[in-house]
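Input: a single structure, listed below in structure tokens.
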Amino acid sequence: MNVNTSNLVSITEANQNFSRVARMVDENGAVVILKNNAPRYLLIEFSTAEGEQLAKNEDVSAISKRLILKNRQAYEELAR
């Protein structure tokens with residue numbers, strides 16, 4: 001996982017200014033909250049977490065079928 005260093009926030013800052021941290025998530029997709037200068041928590045949008053949960057519950061063939069359907073046009077272009 002690549003982390004943009006501008007998306008790092010101390011736990012103190014997150015506690016004191018949560019609305020700013022929430023805006024950062026809205027703009028960048030995720031924020032890493034540091035505790036004692038080490039990554040401790042990941043704050044993401046709920047819809048992103050739902051998508052991750054869906055992937056955990058699917059088996060590999062179902063994921064493959066879903067990706068092929070989603071990216072059919074790209075696969076057809078690559079096949080040419």
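Full extension of the chain between residue 35 and residue 71 yields a length gain of 9.0 nm, computed as 0.36 nm times the residue separation minus the alpha carbon distance. The H on the amide N of residue 42, modeled in the peptide plane, is under 5 Å from the matching H of 33, each at least 5 residues off or on a different chain. Considering only alpha-carbon pairs that sit under 8 angstrom and 6 or more positions apart, the relative contact order computed for the chain is 20 percent. If you wrap the chain in the convex hull of its Cα atoms and look at it from every side, the mean projected area works out to 7.4 nm². Modelled spin labels at residue 80 and residue 18, positioned 7 Å past Cα toward Cβ, are 5.2 nm from each other. When you count the other C-beta atoms within 10 angstrom of each residue and take the mean per peptide, 15-27, 36-48 line up highest first as 15-27, 36-48.
Values in this text are rule-based calculations from the coordinates and carry no lab data. Since we're looking at a predicted model, the values are computed, not measured. Every residue, glycine among them, receives a Cβ derived from its backbone with ideal geometry; neighbour counts consider all protein chains shown.
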